[in-house]
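The block underneath contains the structure these notes are about, expressed in structure tokens.
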Amino acid sequence: MKNAESPPPAETGKRPAGGEDPASAFQVNGEAFFHSGDPAMPLLWYLRDVLRLTGTKYGCDTGNCGTCTVLIDGKARRACQVPMADLSGHAITTIEGLESNRLHPVQQAWIEQDVAQCGYCQSGQIMTVVDLLARKRRPGKDDIAAIANLCRCGTYPRIRSAIERALVLTRDSNK
Ligand code: FES
Ligand code: FES
């Protein structure tokens, strides 16, 4: 995953270089960065405004909607609620970093089931489901019902169908 637009400001987005404290470094989609700006800056702002990774969306900013969901060390987290000060040594994955050579099975399932309507919530939905399927090979109805990401377009039935399809695709890819 490469930054699509202008390079990040020098004080907040550059990779560790000689003299930087490696303990303050973290990874975003496999690339190393460090942050020496405001430690209270939410990860969501850093991703969108500094790294220009705009696939992670801004919704409520209160931790409720889930549209900003990313993976931190493989676990789904609300990026609007994570300060940059907490990221040293951690690995962040955004929707832009999910595929490697081919689509992740969850992405493939989302396309096959034509889940997205306006699309705004969908990167957060996908990242949440990636975490769920990594933790549970056979998630039950309760696990799926517990997904708290909101969708104003009401795509929930298609999300459930896509999760079923992703389970099949994941099993196939593990054969
Ligand atoms: S924008 Fe982060 S949970 Fe809504
Ligand atoms: S697809 Fe529009 S908000 Fe979910």
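The values are calculated or read from the model by the stated rules, or taken from the named source; none is laboratory data. Only a predicted model underlies this, so the values are computations on that prediction, with no experimental measurement involved. Please note: Cβ atoms are built from the backbone with ideal geometry, for glycine as well, and neighbour counts cover all protein chains shown.
I need a count of the residues in region 35-70 that are away from ligand 2 (no atom under 16 Å from the Cβ) and buried (at least 21 other Cβ atoms within 10 Å of the Cβ). The total comes to 9.
Selection of first residues in region 90-102 that are under 16 Å from Ala76 (Cβ atoms) and of second residues that are aromatic (Phe, Trp, Tyr), restricted to Cβ pairs under 8 Å at least 6 apart or on distinct chains, gives the following pairs, ordered by first then second residue: His90/Phe26; Ala91/Phe26; Ile92/Phe26. Of the residues in region 136-159, at least one is touching a Lys or Arg at 6+ places or on another chain (Cβ under 8 Å) and within 19 Å of Thr69 (Cβ to Cβ).
Whether any residue in region 145-154 is among the aliphatic types (A, V, I, L, M), in a helix (DSSP H, G or I) and at pLDDT below 95 is what I want to check. Yes: region 145-154 contains one or more residues that are among the aliphatic types (A, V, I, L, M), in a helix (DSSP H, G or I) and at pLDDT below 95.
Of the strands (runs of 3 or more DSSP E) lying entirely inside region 31-125, the ones with 2 or more residues being modelled with pLDDT of 95 or more, outside the structural domain of Ile147 (by TED's automatic domain parsing) and within 13 Å of ligand 1 (Cβ to nearest atom) are found at 69-72, 75-78.
Taking the residues in region 130-156 that are within 16 Å of ligand 1 (Cβ to nearest atom) and of a type outside the set (Asp, Glu) as candidates, determine which candidate is nearest to the chain's Cα centre (by Cα). Lay out the reasoning, then the answer.
Let us first name the residues in region 130-156 that are within 16 Å of ligand 1 (Cβ to nearest atom), namely 131, 146-153.
Cutting the leftovers down to of a type outside the set (Asp, Glu) gives us 146-153.
Details: Ala146: 18, Ile147: 15, Ala148: 15, Asn149: 13, Leu150: 15, Cys151: 16, Arg152: 19, Cys153: 20 Å.
That would be Asn149.
Among the criteria (1) within 15 Å of the chain's Cα centre (by Cα); (2) within 16 Å of ligand 2 (Cβ to nearest atom), the one Ala76 does not fulfil is (2). Among residues of region 61-80 that are more than 19 Å from Asp49 (Cα to Cα) and of a type outside the set (A, V, I, L, M), those with a beta-carbon under 6 Å from a residue that is part of a loop (DSSP other than H, G, I, E, B) and within 16 Å of ligand 2 (Cβ to nearest atom) at least six positions away or on a different chain give the pairs Cys65/Gly59; Cys65/Leu150.
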